[in-house]
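Step one of this worksheet: look at the structure below.
The values are calculated or read from the model by the stated rules, or taken from the named source; none is laboratory data. Treat the numbers as computed from the prediction; the structure is a model and nothing was measured. So basically every Cβ, Gly included, is an ideal-geometry build from the backbone, and we count neighbours across all protein chains shown.
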Amino acid sequence: MPTQNDEYARPARPPDTSSLAEVLAAARKCTACHLYKRATQTVFGEGPKNAPMMLVGEQPGDYEDVEGKPFVGPAGKIMDRALEEAGIDRIQVYVTNAVKHFKWEPRGKRRIHKKPNSREIAACRPWLEAELRLVKPKLMVCLGATAAQSIFGPSFRVTRERGKVLSSKLAPRVLATVHPSSLLRQPDEESRQREYKRFVSDLRAALKAAGEA
Ligand code: SF4
């Protein structure tokens with residue numbers, strides 16, 4: 001098993017192609033940072049190539065790592081419910097993560113999510129850039145701080161900017177909101193419901209912004 005001393009990260013190098021399938025095939029073999037060593041597989045984005053909206057999370061979790069698909073675990077389920085309530089068809093959106101391999105640490109028999117660091121995010125960013133270049137969504141939705149900071153830099157605060165339509169070098173229109181996993185971590189039912197409603201409201205704003213683009 002790799003140790004801290006094995007950690008390394010250099011920028012990934014996606015192929016120069018207009019084929020999303022070719023980019024995906026290359027990402028499956030990516031070894032640009034050490035995260036691939038302990039993950040089951042690359043979890044690349046999923047969705048139509050001409051999707052008007054791209055949702056970007058942090059990294060795959062335990063379920064996603066096993067299934068090889070983004071947002072299929074508990075956070076994905078709550079996101080699906082919120083998307084539906086906001087009037088967004090998940091089939092019509094492209095869903096991906098800022099980092100494509102699951103970073104975790106063992107706790108007993110469980111694999112506990114570990115936040116990717118800035119070097120790992122930077123190493124993986126060329127894959128996200130390739131997805132943006134090929135899908136060209138009208139709106140990118142950053143789910144949580146890691147995705148938002150990979151676009152706007154480390155000083156970006158989701159709490160300050162959530163729900164606003166912003167622009168960046170990578171995508172002309174970007175809206176940031178919380179990661180759906182934060183809804184699962186709320187301390188009680190009342191705050192869970194309040195935060196869920198705010199999340200749905202941000203997704204409604206995203207749908208409107210994508211329609212206006
Ligand atoms: S996390 Fe990203 S950069 Fe690191 S090995 Fe996986 S695909 Fe490559």
Here the qualifying pairs (Cβ atoms under 6 Å; residues six or more apart or on different chains; first in region 190-213 and free of Cβ contacts under 8 Å to residues at least 40 places away in the same chain and over 15 Å from R162 (Cβ atoms); second outside any helix (DSSP H, G or I) and among the polar types (S, T, N, Q)) come out as R192/Q186
Checking R157, R107, R111, R173 in turn, the sole residue that is touching a strand residue (DSSP E or B) at 6+ places or on another chain (Cβ under 7 Å), farther than 23 Å from K69 by Cβ and not β-branched (V, I, T) turns out to be R173
Scanning region 197-213 residue by residue, the ones that are farther than 13 Å from P180 by Cα, touching a Lys or Arg at 6+ places or on another chain (Cβ under 7 Å) and in a helix (DSSP H, G or I) total 2
task = Would you mind stating whether V174 is more than 26 Å from Y63 (Cβ to Cβ), surrounded by 19 or more Cβ atoms within 10 Å (Cβ to Cβ) and either among the aliphatic types (A, V, I, L, M) or within 16 Å of the ligand (Cβ to nearest atom) (or both)?
result = yes
Counting only residues that are of a type in the set (A, V, I, L, M), crowded, with 20+ Cβ neighbours inside 10 Å and touching a Leu at 6+ places or on another chain (Cβ under 7 Å), region 179-208 contains a total of 2
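Yes/no per residue for (1) closer than 24 Å to K114 by Cα; (2) touching a residue at least 12 places away in the same chain (Cβ under 8 Å); (3) among the small types (G, A, S):
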{"position": "K138", "(1), (2), (3)": "no, yes, no"}
{"position": "T146", "(1), (2), (3)": "yes, yes, no"}
{"position": "P154", "(1), (2), (3)": "yes, yes, no"}
{"position": "S167", "(1), (2), (3)": "no, no, yes"}
{"position": "V174", "(1), (2), (3)": "no, yes, no"}
{"position": "H179", "(1), (2), (3)": "yes, yes, no"}
Within region 110-125, residues surrounded by 18 or more Cβ atoms within 10 Å (Cβ to Cβ) and either closer than 13 Å to F44 by Cα or near the ligand (Cβ under 8 Å from one of its atoms) (or both) come out as P116, E120, A123, C124
Any residue at all in region 126-140 that is among the aromatic types (F, W, Y), crowded, with 22+ Cβ neighbours inside 10 Å and modelled with pLDDT of 95 or more?
yes
Of all helices (runs of 4 or more DSSP H) fully inside region 12-104, the set with 2 or more residues that are touching a residue at least 12 places away in the same chain (Cβ under 8 Å), closer than 16 Å to L128 by Cα and within 16 Å of the ligand (Cβ to nearest atom) is 20-27
